[in-house]
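Undergrad: Take a look at this one; I'll ask things after.
The values are calculated or read from the model by the stated rules, or taken from the named source; none is laboratory data. None of these values were measured; they are calculated from a predicted model. Positions of Cβ are generated from backbone atoms using ideal geometry, with glycine treated the same way; all protein chains shown enter the neighbour counts.
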Amino acid sequence: MSLQTIVNNSNQLTINRRKMVGIQYTRNEIPRISETPTTNPWRFTLSLPNNFRYPDARQLIESLDRIDRVLPEIITFSNIPQLSWMFRYQGVASLGQLNTITVSSFVGNQLTLTNLPVLPSTAVLFEANDLIQIGNNPYPFTVSQQVVRGTQGTVVVTTGRPNILTNPVGGNSIIVGNNCQFRMFCPNMPTYKLIVGGSSYLGNVLVGNALIEWSSEFELYEYVGLA
């Protein structure tokens, strides 16, 4: 996966989840703020060092040229230790206990979960900024505030964005933390040029002598369509 390779090798990551808002100022400088309802997609900006040797990156280049600025790919932050800490699950439930939880309903930004594990009532199921993904649907949702087990058969999770899924979600299992996946595309897809360096030999024969320099950062945008 080409975008996953970019994520894995990035040396700087910017995350943007800001809402679409408009701000106007009156003559006496009173701000008027209006919010446009959107799916509030995730946006990642990734910087890459110029350390890809051209002979080693030809498959990556072809894959990036294939998806271009159009096709989405799935990325995750769980596959290498350098990234898996970013969205690590912060609650106390085990993986087996999390796997028993199912969705009861999801209305607005209120996600109701059932089939909860047996834990003390004060046990933390989710902390703020934990990720929850529903079934096989593509979009992760963040937890807005701490959720404890309580004594009831359900808990209500307030999510960072409202339900944008069009498929029924009742009865679906959940995926949590860094196991969640993002479906992203790269609307700016940087070009590349070859610069001298990164010599590569096959025996005594020089088979490559170039590093790749990217024209800009990679701006990944969540591919939010019907789901």
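Undergrad: For segment 169-227, give me every one of the strands (runs of 3 or more DSSP E) that falls completely inside it and has 2 or more residues that are aliphatic (A, V, I, L, M) and at pLDDT 95 or above. Please lay out each step first, then the result.
TA: On the way: elements: 174-176, 181-185, 192-202, 205-214, 218-222.
In segment 169-227, 174-176 are the strands (runs of 3 or more DSSP E) which contain 2 or more residues that are aliphatic (A, V, I, L, M) and at pLDDT 95 or above.
Undergrad: Here's a follow-up. Based on what the data block shows, is residue 3 farther than 28 Å from residue 125 by Cβ, touching a residue at least 60 places away in the same chain (Cβ under 8 Å) and not polar (S, T, N, Q)?
TA: Working: farther than 28 Å from residue 125 by Cβ: yes; touching a residue at least 60 places away in the same chain (Cβ under 8 Å): yes; not polar (S, T, N, Q): yes.
Against the criterion (farther than 28 Å from residue 125 by Cβ, touching a residue at least 60 places away in the same chain (Cβ under 8 Å) and not polar (S, T, N, Q)), residue 3 qualifies.
Undergrad: Is there a residue in segment 178-192 that is over 22 Å from the mean Cα position of the chain (by Cα) and buried (at least 17 other Cβ atoms within 10 Å of the Cβ)?
TA: Taking segment 178-192 and keeping what is over 22 Å from the mean Cα position of the chain (by Cα), we get 191-192.
Checking the rest, the ones that are also buried (at least 17 other Cβ atoms within 10 Å of the Cβ) come to 192.
Within segment 178-192, one or more residues are over 22 Å from the mean Cα position of the chain (by Cα) and buried (at least 17 other Cβ atoms within 10 Å of the Cβ).
Undergrad: Got a sec? Which of 151, 158 is over 22 Å from residue 72 (Cα atoms), surrounded by fewer than 17 Cβ atoms within 10 Å (Cβ to Cβ) and either touching a strand residue (DSSP E or B) at 6+ places or on another chain (Cβ under 8 Å) or among the small types (Gly, Ala, Ser) (or both)? Walk me through it before giving the result.
TA: Working: 151 fails: either touching a strand residue (DSSP E or B) at 6+ places or on another chain (Cβ under 8 Å) or among the small types (Gly, Ala, Ser) (or both).
On inspection, the qualifying residue turns out to be 158.
Let's see how each residue does on (1) assigned to a strand (DSSP E or B); (2) under 17 Å from the mean Cα position of the chain (by Cα):
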site	(1), (2)
15	yes, yes
18	no, yes
46	yes, yes
58	no, no
63	no, no
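Undergrad: Now, a different point. Only one of (1) in a loop (DSSP other than H, G, I, E, B); (2) touching a Leu at 6+ places or on another chain (Cβ under 8 Å) fails for residue 78. Which number is that?
TA: (2)
Undergrad: Specify the residue that is nearest to residue 42 (Cα to Cα); the eligible residues are those in segment 109-136 that are assigned to a loop (DSSP other than H, G, I, E, B), of a type outside the set (D, E, K, R) and under 21 Å from the mean Cα position of the chain (by Cα). If you could, list the steps in order and put the result at the bottom.
TA: Just the residues of segment 109-136 that are assigned to a loop (DSSP other than H, G, I, E, B), to begin with: 109, 115-123, 127-130, 135-136.
Then drop every residue that is not of a type outside the set (D, E, K, R), which leaves 109, 115-123, 128-129, 135-136.
Those still in the list that are under 21 Å from the mean Cα position of the chain (by Cα) too: 109, 128-129, 135-136.
Numbers: 109: 16, 128: 17, 129: 13, 135: 19, 136: 18 Å.
Applying the filter and picking the extreme gives 129.
Undergrad: To continue, here is another question. Of the numbered conditions (1) buried (at least 17 other Cβ atoms within 10 Å of the Cβ); (2) closer than 12 Å to residue 112 by Cβ, residue 170 satisfies every one except a single condition; which is it?
TA: So the condition that residue 170 fails would be (1).
Undergrad: For segment 55-100: of the residues being outside the structural domain of residue 191 (by TED's automatic domain parsing) and in contact with a Pro (Cβ under 7 Å, 6 or more places away or on another chain), which is surrounded by the fewest Cβ atoms within 10 Å (Cβ to Cβ)?
TA: 100
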